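Working notes for the structure below.
The values are calculated or read from the model by the stated rules, or taken from the named source; none is laboratory data. Predicted model, so just to flag it, every value in this text is computed and none were measured. Heads up, the Cβs are rebuilt from the backbone with ideal geometry, glycines too, and the neighbour counts pull from every protein chain shown. When the accessible area is computed, the model is the full protein with side chains, heavy atoms only, and any ligands, DNA or RNA have been set aside. Shrake-Rupley method; radii C 1.70, N 1.55, O 1.52, S 1.80 Å.
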2 protein chains.
Amino acid sequence: MTLRLIFILTLFIAFSTIGCNPKLENNTKTTESMKKATYAIAIHGGAGTILKKNMTAEQEAAYLKALNEALSIGEQILKDGGTSTDAVVEAIMHLENSPLFNAGKGAVFTNEGVHELDASIMEGKDLNAGAVGGVTIVKNPILAARAVMEKSEHVMLIGKGANQFAIEQGLDTVSNSYFYTESRWNSLQRVKANQDKSTGMLELVDYKFGTVGCVALDQQGNLAAGTSTGGMTNKKYNRLGDSPIIGSGNYANNKTCAVSATGHGEYFIRYTVAYDISALMEYKGLSLEDAANEVVNKKLVKAGGEGGVIAVDKYGNIAMPFNSEGMYRGFATPTEREVKIYK
Amino acid sequence: MTLRLIFILTLFIAFSTIGCNPKLENNTKTTESMKKATYAIAIHGGAGTILKKNMTAEQEAAYLKALNEALSIGEQILKDGGTSTDAVVEAIMHLENSPLFNAGKGAVFTNEGVHELDASIMEGKDLNAGAVGGVTIVKNPILAARAVMEKSEHVMLIGKGANQFAIEQGLDTVSNSYFYTESRWNSLQRVKANQDKSTGMLELVDYKFGTVGCVALDQQGNLAAGTSTGGMTNKKYNRLGDSPIIGSGNYANNKTCAVSATGHGEYFIRYTVAYDISALMEYKGLSLEDAANEVVNKKLVKAGGEGGVIAVDKYGNIAMPFNSEGMYRGFATPTEREVKIYK
């Protein structure tokens, strides 16, 4: 009987240890998502009050076309064995060059009626990063962010200095009026009219639309994330949002995931959104989906911060949660592909 | 015998559940540090190659005097029941007004021979935050950061816009030459001379000295953190370091801790240093000391990122790890007080 008791107890110890070891718990979750994709890519073109009833069929088609093109550009690079950094940069350049999104051509207007652009990029392999804030003459701000990462010993350059650095790096420059689109000009007038009627506070109407971003896992197992934006319509005082802030609007770490955010930037800075998703995975063993959901659909919702993220983990799993009405988004892996706008 | 077996097994289940519940494990650690102080404050005046052999007795006395004064200003506010935000701002203003530190008066020179100042502040109660980057005419940049937090809907303003905002808020402005000190001018000449001799790369000699910061816990249980700097000697292209980046150089959260960093800013941005300490406490249940040590003495050392942090947790525990030769620092609680420079 005593022997039987010892045997039962031994079995019990073995099972209870498995059941409650946090490390094993993590491994279980990891295993679930270990159907490792050889590559994966996700893009976004901004989150906000994007409703089907407010879109014409032509507008919808134009957005889907631009998103599909950008996705294909990045996808092809990854399929051919290229780097996640190249895929991210090329996909974002395509979105920056489209007048549909609030980045590059098509960027929103500041209160003074000009364009100030922000962008950032990060590589998961060695946590290298680069960012520019408030550039005014760089055709593709994501290229300036990449140049800061690769060609300077700095991480973040702003304003005139960032313009100057881009010029010295031989990047394409344009006059600020290149970024003009009629629809963004009309948005500024609308926002200013609303502002006059109300308390004089800035009206936060259009900020949500159009920040672009891309995250990718390449066949070498390296993650990268990039984000580019014109910021908030009618912004004043050289305001920076989360897009050029490493850890807030953009983050990549081969240990965990790559994240690009879009939304009400002030909340994304205060909640260190992009790095928080990575920390929840690394420190609490959450899956990519659970971590992204926790931050976007719990923490941010509770705080009142509208927006979303795209994220890819080191296994090629993809998460694209948003707490707004819609988010221009798409993803591709060797086996799946999807481009969507609404919930 | 069967009854006895059931009894033993029941006991075993109870104990094994307690032993492996991660929540209880956290609570144990928390209890260790629960000798809750009614208030606590820590300050820093920068970390770097600060060696006793390079300091005269007069220099050492001057630094200790300035640190003691700043600490006493903040301490008195907390003792009188004031807010952690007031304590942080007033202590930092004293360090900004001292020519000894690289913040406000005494800020380093850019490559162009001017001064560009960064500052940030965050409150742990509601994660409110404000920051300015590259201001040139604001006498006390920490006041501009506070005004952004309290008087705007934004978190971060940069350059001319941030100057303009400070003017509209009625803050004291000065000409850029107010920030001049002979020793910083000489540093710039020295760095430029070294630069010419070597590869033309920027010489990262003086960046480590003098960023200032303060963290505090007030009697209401609210944490706050503030950081202010002139950045890196000979910096170009309107470079921003970690000091104005929420989550990197500065962070506060009543759930965990308040952190202000000083060091080679590029590493502190890439490693999201300030928020990482908070995340290690919240998600892994580490004590303040263990979390700060993990980031400063393990992660940053491995990456090659020199510097340190000051941090206070919600119980009034204080940690001040640095991986450089020295850090100007001090702390005070109702029962302890210390001001130090070297290791």
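Label points for B:Ser177 are taken 7 Å from Cα along Cα→Cβ. From this copy to the others they lie 3.9 nm apart, shortest first.
Subtracting the Cα-Cα distance of B:Ala61 and B:Lys125 from 0.36 nm times their residue separation leaves 19.4 nm of extension gain. Solvent-accessible area lost on pairing B with A (1.4 Å probe, both sides summed) amounts to about 4800 Å².
May I ask for the equivalent-ellipsoid semi-axes of chain A, computed as the square root of five times each C-alpha gyration tensor eigenvalue and listed largest first in whole Å? Don't skip to the end; give the middle numbers.
Details: eigenvalues 302, 95, 70 Å².
Each semi-axis is √(5λ); the values are 39, 22, 19 Å.
B:Val259 sits with roughly 0 Å² accessible to a 1.4 Å probe, with DNA, RNA and ligands left out of the calculation. Measuring heavy-atom accessible area with a 1.4 angstrom probe and counting protein chains only, the residues of the range B:119-163 that give up at least 50 Å² relative to the chain alone are B:Leu127, B:Glu153, B:His154, B:Val155, B:Met156, B:Ile158. Other protein chain C-beta atoms within 10 Å of residue C-beta, averaged over B:277-287: 3.
Given a cut-off of under 8 Å on Cα pairs at least six residues apart, what relative contact order in percent is computed for chain A? Intermediate values should be presented prior to the final figure.
On the way: 862 pairs, mean separation 83.9, N = 343.
Once divided by the residue count of chain A, the mean separation gives 24 percent.
The radius of gyration of the Cα set in the range A:174-331, together with its Dmax, comes out at 16.6, 55 angstrom. Burial annotation for the range A:213-262: residues with an accessible-area loss of at least 40 Å² between the isolated chain and the complete set of protein chains, computed on heavy atoms with a 1.4 Å probe, are A:Tyr237, A:Asn238, A:Leu240, A:Ile245, A:Ile246. On a 18 Å Cα-Cα criterion, which of the cross-link pairs B:Lys52/B:Lys299; A:Lys255/A:Lys284; A:Lys236/B:Lys151; B:Lys139/B:Lys160 come out too long? From B:Lys52/B:Lys299; A:Lys255/A:Lys284; A:Lys236/B:Lys151; B:Lys139/B:Lys160, over 18 Å: B:Lys52/B:Lys299. Summary value for the range A:38-176: 16 percent relative contact order, contacts being C-alpha pairs under 8 angstrom separated by 6+ residues. With bins 10 Å wide beginning at 0, the percent of Cα pairs of the protein assembly as shown falling in each bin runs 3, 16, 26, 25, 17, 9, 3, 1, 0.
A straight Cα-to-Cα reach below 17 Å connects A:Lys36 with the aspartates and glutamates A:Glu75, A:Asp218, A:Glu289, A:Asp313, A:Glu336, residues fewer than 8 places away in its own chain not being considered. The apolar share of the surface of chain A, taken as the fraction of accessible area on carbon and sulfur atoms (1.4 Å probe, ligands and nucleic acids excluded), comes to 53 percent. Sorted from nearest, the other copies put their A:Thr335 label points 6.0 nm away, the label point being 7 Å from Cα in the direction of Cβ.
From the helices alone, meaning DSSP H stretches of at least four residues, give me the mean residue ellipticity at 222 nm for the protein assembly as shown, per-run term -39500 (n - 2.57), in deg cm²/dmol to the nearest 500.
Values: 22 runs with 264 residues, N = 686.
That calculation yields -12000 deg cm²/dmol at 222 nm.
Antiparallel DSSP bridges in chain A: what percent, to the nearest 5? Let's see the in-between values first.
Values: 47 of 51 bridges.
Taking every DSSP beta bridge with both residues in chain A, the antiparallel ones total about 90 percent.
For the protein assembly as shown, what is the percent of antiparallel DSSP beta bridges, rounded to the nearest 5?
On the way: 98 of 106 bridges.
Close to 90 percent.
For the peptides B:173-180, B:91-98, residues were scored by their other Cβ atoms within 10 Å and the scores averaged per peptide; the highest-first order is B:91-98, B:173-180.
Per residue, the range A:37-342 exposes an accessible area of 32 Å² to a 1.4 Å probe, with every protein chain left in place. Dipole size of the protein assembly as shown about its Cα centre, with +1 on Lys/Arg Cβ and -1 on Asp/Glu Cβ: approximately 960 debye, rounded to the nearest 20.
Charged side chains reduced to their Cβ positions (Lys and Arg at +1, Asp and Glu at -1) give chain B a dipole of some 760 debye around its Cα centre. The same position B:Thr56 in the other copies lies at 7.7 nm from this copy, comparing label points 7 Å beyond Cα toward the beta-carbon, shortest first. Close amide H contacts of A:Gln219 (hydrogens built in the peptide plane, cut-off under 5 Å, sequence separation of 5 or more or a different chain): none are found.
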